[in-house]
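Sharing a structure below in structure tokens format, with a few things to ask.
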């Protein structure tokens, strides 16, 4: 939390698979995020989400209003699970404008029908009510129920306080009312400038006819719309722009890409490219990044960058095609300059966070080296865990960390067979033997630290496997869950002795994070294997019985239950089933 600023912005909670769990906004990001990581969290749903958080991404904005708009766009894009769970509402609220002679605008939840106009979803019921209240003041489109509307004989209070134009009693004609509705639709689509232009023409027309009161109403409406437009994060009409900014320090680069489509900020992504020692200039890094980034996606026609590049013209030629020209340029003033400054601030914050994280990881590795009395820094750590449900579908996992960070491409899972169900020692022995036998035969790289989720029994299995395979000098560490399964009570098994590190130990935090990742990976594989076993029929396990023969057997006997009651002679009568196969089927279903 030390690197989180006291500034407005949007935060995204991500799980271990980089899936967005929750999107929120805050006037002060540091204060809001600190509230999630307290020890005395009362709300069980928030606690459930916090346990899954692996990363938090921040997007700094200039004002809280900008953060609200960006939050809404991100929720619409990702539909995060906990944005629903952390509200009492059952679904996202929308604004709906009905298709009628005199359309009605209302808050709506549920399935959307194409015959109506829908706008949203909004991040909360409060946000949609605030928008609806604003629309009442601006365009005076009715919100009343159809039954109420059809039976009015005189205008209601909403007309008196200038919140409705009272089409129910003929205070406004159909054409004028439809004009108000179209202005509302344009406004909700972000086309405020188009609405203002129409109102300017209308105001001038009223002035020409000496209708000064109506002209004054248009003037006031124009003023309100301009104030609202100035609060939005993006102005400048229907711009489709990518803003790319770079910050560089200590041979590390942070690149922010902000995406703006139809004048709306749809969010940002941060990248930390690996920098070769031969590249030192920000311009070269930015150039290489843009070339690689847009090879995989269609670029917008305008890319605004934080600084000029030597091969800017060449990149524009590369990204452009016939009838579609891409312009890459820098700006020095105006709205786009403000966008670049916002992207630079976000890139700087992300870089500082990344550098702090790397420093923290380096400190943890140094701490682990001291604790385990290693001759050099432990670059490679492997961790193993076993998962099963009462001995069913046992799966072993191997996760690999390089320089304190997960290397997911090196993760492995092992389906355990041929052991007594629930025998964790035998399962651990099998996993380790299969893994290290392959390393020995293929001359693979041994880890600096072999981490076992378990106590002396599991560690003894590791020692036995290493001895059998003539592997020496490998540091084996067991992590034993403490009393109450609380992390601060965890203990280490090192060289046959129990080691208790303080709860603030960086070495302990690193080992716990690696152990937890191995546990997550194992239990995910176990659940997948268990689910497959429970949904797979016994026929699928028989060699020689493919999809067509399974289908023929099931059709012939009307289902698996009747099939299991059939004898070998009856099974052999089915087309494509020999006596040998029939015997296999009978043994499998009656074994």
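Values in this text are rule-based calculations from the coordinates and carry no lab data. No experiment lies behind these values; they were computed from the predicted model shown. When we count neighbours, we look across all protein chains shown, and the Cβ atoms used for this are built from the backbone with ideal geometry, even at glycine.
Bins of 10 Å, beginning at zero and ending with the bin holding the largest distance: percent of Cα pairs per bin for the range 538-590, please.
Whole-percent P(r) values from 0 Å outward: 28, 69, 2.
While we're looking at this one, here's another question. Based on DSSP, what percent of beta bridges with both residues in the chain are antiparallel, to the nearest 5?
Just about 80 percent of them are antiparallel.
Rounded to whole Å and sorted largest first, what semi-axes of the equivalent ellipsoid does the C-alpha gyration tensor of the chain yield via the square root of 5 times each eigenvalue?
Equivalent ellipsoid of the chain: 57, 37, 25 Å, largest first.
Can I ask one more? With contacts defined as alpha carbon pairs under 8 Å and 6 or more residues apart, what's the relative contact order of the chain in percent?
Computed value for the chain: 7 percent relative contact order.
How far, in nm, would the chain grow between residue 171 and residue 472 when pulled straight, counting 0.36 nm per residue and subtracting the alpha carbon separation?
Gain on extension, residue 171 to residue 472, equals 99.1 nm.
Run through every distinct alpha carbon pair of the range 448-591 and return the Kirkwood hydrodynamic radius in angstroms, one decimal place.
Evaluated over the range 448-591, this radius sits at 19.5 Å.
Using a 10 Å cut-off on Cβ atoms, rank the peptides 344-353, 326-335 from the highest mean neighbour count down.
Highest to lowest by the protection proxy: 344-353, 326-335.
Using the eigenvalues of the Cα gyration tensor, what equivalent ellipsoid semi-axes result for the range 130-218 when each is taken as the square root of five times the eigenvalue, whole Å, largest first?
So the equivalent ellipsoid measures 23, 17, 11 Å along its semi-axes.
What is the spread of the Cα atoms of the range 241-352 along each of their three principal axes, largest first, in whole Å?
Sorted largest first, the three principal extents are 41, 28, 25 Å.
For the range 380-534, what is Rg from Cα atoms divided by 2.2 N^0.38 Å, rounded to two decimals?
1.00
Can you sort 578, 287 from fewest to most other Cβ atoms within 10 Å of each residue's own Cβ?
Least crowded to most crowded, the residues run 578, 287.
Next question. Pulled fully out, how much extra length does the chain show between residue 540 and residue 145, if you take 0.36 nm times their separation in residues and subtract their Cα-Cα distance?
136.4 nm
Right, something else. Mean separation of Cα pairs under 8 Å and 6+ residues apart, divided by the residue count of the range 422-495: what relative contact order is that in percent?
Relative CO of the range 422-495 lands at 29 percent.
Based on the mean of other Cβ atoms within 10 Å per residue, sort peptides 391-402, 554-565, 359-370 so the most packed one is first.
391-402, 359-370, 554-565
Cut-off is 10 Å between beta-carbons; in what order do 157, 510, 134, 499 appear when sorted fewest neighbours first?
Going from sparsest to densest Cβ surroundings: 157, 134, 499, 510.
What value, in deg cm²/dmol to 500, does the helix sum -39500 (n - 2.57) over DSSP H runs of n ≥ 4 give at 222 nm once divided by the residues of the chain?
-14500 deg cm²/dmol
What ranking do 452, 523, 97 get, fewest neighbouring Cβ atoms within 10 angstrom at the top?
Neighbour counts put them in this order, fewest first: 523, 97, 452.
Could I ask something else about it? In nm, to one decimal, how far is the modelled label at residue 335 from the one at residue 583, with both set 7 Å along Cα→Cβ?
8.1
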